[in-house]
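S.K.: Here's a structure for you.
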Amino acid sequence: MHTSQFLWQGLEWSWSLSFWLVAIATAVGLIILLMQYERRLIPKRVGNALLVLRLVVLTVLLLTLLQPIIARKIDHEHTGRVLVAVDLSESMETADGHAGKGEKLRWARAMGMIGNAATNDRIDRWIKAFDEGRVPKWVDDDETADPALAKTRRENLEGIFSQIDQLPRKEIARRLLTGTSSPLLPQLEDVANVELVVFAGNANSSDKDTLETTVKLPPVTLLTGVSDLSQAMSTRGADSTSSPVVGMVLLTDGRDNSDRDAVVEAARLGQNSTPVFPVIFGSKYRPKDLAIANLDYAPTTFKDDKSLLTATLNTAGYEGEEIEVILEQEGEESVTKTVTPDSTIASVEFDLKTVNVGRHKYTLRMEPRPGETREDNNSKTFAATVTDDTVRALVLEGAARWEFRFINNALERDPRVDVKGVVYRQPYLGILQDTFFPRTLDLPDAADDIADSPFAEPDLVILGDVSPDEIPEVGWQMLEKFVSESGGTLVFIAGKQHFPLAYQSKIVERLLPMTELRPINIDGATAKAPPSERGFHLKLTAEGEDMDVMQFDPDPQQNRDIWAGLAGHTWGLLGEAKPGANVFAYAIQPGEEDNVENERKNAVIVRQHFGSGQVVWLGIDSTWRWRHRVGDKYHHRFWGQLARWSAENKAAAGNEFVRFGPDRSDIEVGDDAVIRAQWTQAFLKKNRDIKARALIHRAVDDASEPPFAEIQLDPIDTRPLIHEARAVSLPPGEYRVTLVVENADVGPDEITAVLYVNEKTTPELSDLSANRELLAQVADVSGGRLFYPDEVGGIAELFRDPNFTSEERLETRLWDHWLVILIFFALLTSEWVVRKLNGLP
């Protein structure tokens, strides 16, 4: 349907309305005066013609100033789309043999395995009896009592139950959509446009012709080891431009182990008038099953360090029974521990051997037990690497303040850290030959001699409250090269007296990850409160929670609680993190509201990539306070983790020109492998047109075979010394990553790093029960309704009126249309021609 409307866009009234009225009246008056003058020279009819032409020109000009438009409204009729999303995650492969007989009977009737119009009432009575724990009455009151009939019906039902016991949840869902006498998909197609989606960790479009094949063998890209309901609800389908989604049918067991909140996504759909109708598969009874739910271990440890594996086990149905848990390592004897769970969850710990350097593969398993629902979740394989490296640290401090003493003690007690210290200001009584710590750095004369400087060997340099006159300019130039070219980690610790507020150095300004630094002093009653309530506390950002260096406990919530319970601080230097810097922790001051804006404005622990290395800012001088009531537990762990992290950042394959390798040597299936080349500044200046690629070979392949993948390394705008690329969708296994360089010489030796892609460790199969509570919430907040498999016949009725009308407004601007311009100049030309033909000037 079309409707048109003539509208005035209106004048941009920069002056008053009276001005325009006066201007128009003046123009008309001048035209009339001109007409009176011209009538003395030309015939009256010619004068009238000129008057008309001039008034028309004036009218066209006035209309142009008013900017008129013609608006048309077009109504479009649409048929809304219904998205049907089928969960193909690993939990949907479960066959619910443990389900109640009432549940199984409902599923059988939904799939058309039993029941018709004549027998539905009888089946309803059987379902009720099973649900109440009674034996059904096999023969109705109006039927002849016949033991043979009762036996036949009972045996027939038991046969159906046996078939149900073998059907995985996803096959039941598939049959409800396309495999019954009245399948759901055609019902929906009769009333709306239907799009089919399959999902797990990712979502893909599908169709009913290939659905059976897809259900049997889901594509690898779905990441079936993950259940992400938000992924399904956030998809818009393949035909997202034609018409909006008017509803979603979600066939799933409700298991969700992603990091996203499915209820929030469902609420968003509800706000857009898109209800979600979940169809739940799986029994309401938790299955009897053993499963390894989670493994917590350090993927990389140092030789002879203590390395602990903590395994969380799901033991539903085996409470009070002894369960043997076996840790197997290649080439070593297995270790067995026995646990007796008193609930559905148990945990067990194993010491991992760190004597032999290298990569070690392990398998943790539990022997299958009678009555288990699944046996493929009883074991998990993982790998850990033992290195023989020693972290070399250099601590520079102005005076031996408390922070320096405790950091130095923590690193000295760490057997994997070789620490050296310089304290510029310390008392010397002359009794000993020299002070306990050196008081100066032995620096070369030129900054280019970094190989002969104190910064040649360290992986980590910690700089405290050093005054500007204690480190000369050449020392700062070497520190900048230590970070940018050698890939070192530089940690700045705020000082009350000198660093960094007393500095006016361009190098310090470049290295600092912070701007707008301001001192914070907490005094009064808050400063005198108990340590756990004193001053301001630190809170981790989401990025900080993901960093190993910031973790005091593998459980995210426990880690948050530990940070919240650490002793507070009464002084600090807070500021705003530079763009591109990563904020790991920020300050929450007493009485201040906690919000996202404060994360960057009140940043305390911040990391900034700088060339090949990184700079870390610590805006407090009192991490030693974290020892309150817990001793060295968290203080030593923080500094030990930071030291090891710095060594990992510096360690990479390469030579004097480049450091090369994956951002993380261990990743999981589905993660991107970030491959990075870090060039030295001098090398990159000489080779500005350098091109680099990474060749990725399977470790088991011969070097002469073609690479599994080849990726181009591209420069990063914010980090000019870095070229990097991402390798995606690598299958599990061990890989060799080789650097290939064009237009430059990086030496005769091949530069190769190692990459390990591990099977994804997820809790997907740790709990196999159907999550009715979550799906009920999803339905409620979106305006939908939860359905059971035997109720799906009522879903199509909810979309009986999916048609709607959308209005499109089309505007044609007349004031700048080419036809108006043509008319305007045609009128002016006509007026000029008439004047000239009649001898007027």
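The values are calculated or read from the model by the stated rules, or taken from the named source; none is laboratory data. Remember, predicted model here, so these are calculated numbers, not experimental data. Every residue, glycine among them, receives a Cβ derived from its backbone with ideal geometry; neighbour counts consider all protein chains shown. Ligands, DNA and RNA are stripped out before the accessible areas are found, and what is left, the full protein with its side chains, is counted by its heavy atoms. Shrake-Rupley method; radii C 1.70, N 1.55, O 1.52, S 1.80 Å.
S.K.: Could you compute Rg(Cα) / (2.2 N^0.38 Å) for the stretch 240-297, with N its residue count?
M.R.: This ratio for the stretch 240-297 stands at 1.57.
S.K.: Span-like helices, the chain: DSSP H, alpha-carbon axial extent 20 Å or more, mean Kyte-Doolittle -0.5 or greater, which ones?
M.R.: Working: long enough: 17-38 (32 Å, 1.81); 44-66 (33 Å, 1.85); 147-166 (29 Å, -0.72); 633-650 (26 Å, -1.54); 818-837 (28 Å, 1.64).
Long hydrophobic helices here: 17-38, 44-66, 818-837.
S.K.: Please work out, to two decimal places, the log10 of the ratio I(q)/I(0) at q = 0.14, 0.25, 0.29 Å⁻¹ from a Debye calculation in which every Cα of the stretch 462-511 carries one identical scatterer.
M.R.: Those come out to -0.32, -1.02, -1.30, one per q.
S.K.: So, one more: Sort the following peptides by mean Cβ neighbour count (other Cβ atoms within 10 Å, averaged over residues), highest first: 466-475, 135-144. Write out the running numbers ahead of the final one.
M.R.: Values: 466-475: 16.9, 135-144: 11.5.
The packing order, highest mean first, is 466-475, 135-144.
S.K.: Given N residues in the stretch 317-382, what is its alpha carbon radius of gyration divided by 2.2 N^0.38 Å?
M.R.: Relative to the 2.2 N^0.38 Å estimate, the stretch 317-382 comes out at 1.25.
S.K.: Per residue of the stretch 494-500, in order, report the coupling 6.51 cos²θ - 1.76 cosθ + 1.60 (Karplus, θ = phi - 60°) as ³J(HN,Hα) in whole Hz, putting x for Gly and Pro.
M.R.: Calculated HN-Hα couplings, in order: 4, x, 6, 9, 10, 9, x Hz.
S.K.: Counting only heavy atoms of protein chains, what accessible area per residue, in Å², does the chain have with a probe of 1.4 Å?
M.R.: That works out to 50 Å² for each residue.
S.K.: So, in Å, what gap is there between the alpha-carbon centers of the stretch 242-284 and the stretch 332-357?
M.R.: 39
S.K.: Whole angstrom only: what separates the Cα centroid of the stretch 459-480 from the Cα centroid of the stretch 558-622?
M.R.: Here the two parts' Cα centres lie 23 Å apart.
S.K.: Near the amide H of G247, under 5 Å away, which other amide H atoms are found, from residues 5 or more places off or on another chain, if H is placed in the peptide plane?
M.R.: For G247, whose amide H was placed from the backbone, the distant partners under 5 Å are L83.
S.K.: In the neighborhood of E158, defined by Cβ-to-Cβ distances under 14 Å, what is the net charge if each Lys or Arg adds +1 and each Asp or Glu adds -1?
M.R.: Local charge sum for E158: +3.
S.K.: Evaluate the stretch 653-730: find the radius of gyration of its Cα atoms, find its Kirkwood radius, and give the ratio Rg to Rh.
M.R.: Details: Rg = 13.5 Å, Rh = 13.6 Å.
Radius of gyration over Kirkwood radius for the stretch 653-730 works out to 0.99.
S.K.: P(r) tail for the stretch 126-236, what percent of Cα pairs lie past 25 Å?
M.R.: Looking at the stretch 126-236, the distances longer than 25 Å represent 46 percent of pairs.
S.K.: Probe 1.4 Å, all protein chains in place: accessible area of E132 in Å², nearest 10?
M.R.: 100
S.K.: Shifting gears a bit: Normalised by the number of residues in the stretch 686-735, what is the relative contact order in percent for Cα pairs under 8 Å and 6+ residues apart?
M.R.: Value for the stretch 686-735: 34 percent.
S.K.: Taking a 28 Å limit on the Cα-Cα distance, which of the listed pairs K216/K288; K128/K151; K151/K288; K506/K686; K420/K539 fall beyond it? Could you put the intermediate results ahead of the total?
M.R.: On the way: K216/K288 25 Å; K128/K151 19 Å; K151/K288 30 Å; K506/K686 25 Å; K420/K539 31 Å.
Correct reply: K151/K288; K420/K539.
S.K.: At 1.4 Å probe size, with no ligands or nucleic acids counted, give the accessible surface of L217 in Å², nearest ten.
M.R.: Estimated to the nearest 10 Å², L217 gives 140 Å².
S.K.: Moving on. For the chain, with all protein chains present and a 1.4 Å probe, just round the carbon and sulfur fraction of the accessible area to a whole percent.
M.R.: Answer for the chain: carbon and sulfur cover 50 percent of the accessible area.
S.K.: If one computes the Cα centroid of the stretch 722-755 and of the stretch 375-414, what distance in Å separates the two points?
M.R.: The two parts, judged by their Cα centres, are 28 Å apart.
S.K.: When only the heavy atoms of the protein chains count and the probe is 1.4 Å, how do V194, V737 rank by accessible area, highest first?
M.R.: Working: V194 40, V737 0 Å².
Order by accessible area, largest first: V194, V737.
S.K.: Right, another one. Report the antiparallel proportion of the DSSP beta bridges in the chain as a percent, rounded to a multiple of 5. Walk me through the intermediate numbers first.
M.R.: Details: 111 of 157 bridges.
The antiparallel fraction comes to roughly 70 percent.
S.K.: Taking the structure as given and computing volume of the Cα convex hull per residue in Å³, which label from (1) 175; (2) 328; (3) 214 fits?
M.R.: (2)
S.K.: Also, quick follow-up: Which sequence of Y37, Y756 reflects their accessible areas, 1.4 Å probe, from the largest down?
M.R.: Y37, Y756
S.K.: Something else now. Taking the Cα centre as origin and putting +1 on Lys and Arg beta-carbons and -1 on Asp and Glu beta-carbons, what dipole magnitude results for the stretch 412-558, to the nearest 20 debye?
M.R.: That gives a dipole near 760 debye.
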